[in-house]
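Here's the structure we're looking at; comments come further down.
The values are calculated or read from the model by the stated rules, or taken from the named source; none is laboratory data. Keep in mind that what you see is a predicted model, and the values were worked out from it rather than measured. Cβ placement follows ideal geometry from the backbone for every residue including glycine, while neighbour counts extend to all protein chains displayed. Ligands, DNA and RNA are stripped out before the accessible areas are found, and what is left, the full protein with its side chains, is counted by its heavy atoms. Shrake-Rupley method; radii C 1.70, N 1.55, O 1.52, S 1.80 Å.
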Amino acid sequence: MIKNIVVFFLFTVALVGAEVPRVALPPPGPSRYYIHVVNGLSKLGLLVHCQSKDDDLGYHRLLNHGDDYQWNIKVNFWGTTLYWCKLETPHASVSFESFWPETQHLWLRDRCKHGTVGTCIWTAKDDGIYLRNFLANVDELIHKWI
């Protein structure tokens, strides 16, 4: 009987002392994001329409260079928050996802992290739509006009 207790005790100590492998998860992202759509066109005004499945943000005219339409969101409990935008000029348009949560890949989160704040800045320029990459301190061309 004592032999069984000693064996059980040694087995428990060995089990508790064993290191459990851990899966490396990405650090948590900001809980609130600020999304901007900026008119960076040299001559034309810009019509912006952004929405999610549950929230139509309406149409907004950005008439002048530098005009900015913005909103902020909190990622929902399930991590499924998704927004998309359609940008139009008199001669071109483009539709794209403007925000999506990321759990494994950090492409958008890396570009939209500005300190501890989540800030995504989409800028319409003459040759396409750019996303501000805060880590690299550059605007990256993401979508071409259609």
task = For region 66-105, calculate the relative contact order in percent as a whole number, restricting contacts to Cα pairs under 8 Å that are 6 or more residues apart.
result = 35 percent
message = Amide H of His65 versus every other amide H placed in the peptide plane: which residues, excluding those fewer than 5 positions away on the same chain, fall under 5 Å?
response = none
task = Count charges around Ser93 for me, please; just the other residues with Cβ under 12 Å from its Cβ, Lys/Arg as +1, Asp/Glu as -1.
result = +1
task = Tell me which residues come under 5 Å, amide H to amide H, from Lys113 once H is placed; ignore anything under 5 positions away on its chain.
result = Thr119, Phe134
inquiry  = Over 26 Å apart: what share of the alpha carbon pairs of region 23-146 falls there, rounded to a whole percent?
reply    = 19 percent
message = Run the numbers for Asn76 and Val117: contour at 0.36 nm per residue of separation, minus the present Cα-Cα distance, in nm.
response = 13.1 nm
query = So what J values fall out for region 92-101 if you push phi through Karplus, 6.51 cos²θ - 1.76 cosθ + 1.60 with θ = phi - 60°, rounded to Hz, Gly and Pro as x?
reply = 7, 8, 7, 10, 7, 6, 9, 7, 8, x
ask   = By how many nm would the segment from His36 to Val138 lengthen if fully extended, with 0.36 nm per residue of separation less the alpha-carbon distance?
value = 35.2 nm
query = From the backbone phi of region 54-59, what are the Karplus-calculated ³J(HN,Hα) couplings (6.51 cos²θ - 1.76 cosθ + 1.60, θ = phi - 60°) in whole Hz, Gly and Pro given as x?
reply = 10, 9, 8, 7, x, 9
key: Cross-link pairs Lys43/Lys74; Lys86/Lys125; Lys74/Lys144 - those with Cα-Cα distance over 26 Å   = Lys43/Lys74; Lys74/Lys144
inquiry  = Just to check I understand the Karplus step: with θ = phi - 60° and J = 6.51 cos²θ - 1.76 cosθ + 1.60, what whole-Hz values come out for region 65-78, glycine and proline as x?
reply    = 4, x, 4, 9, 9, 9, 8, 10, 9, 10, 5, 5, 4, 7
Burial ranking of peptide ranges 132-144, 78-90 (average Cβ count within 10 Å, highest at the top) = 78-90, 132-144
key: Accessible area per residue in Å² at 1.4 Å probe, computed on region 32-144   = 57 Å²
inquiry  = How large a share of the accessible area of region 42-122, in percent, is made up of carbon and sulfur atoms when the probe is 1.4 Å and the other protein chains stay in place?
reply    = 51 percent
key: Around Cys50: net Lys/Arg minus Asp/Glu count, Cβ-Cβ under 11 Å   = -2
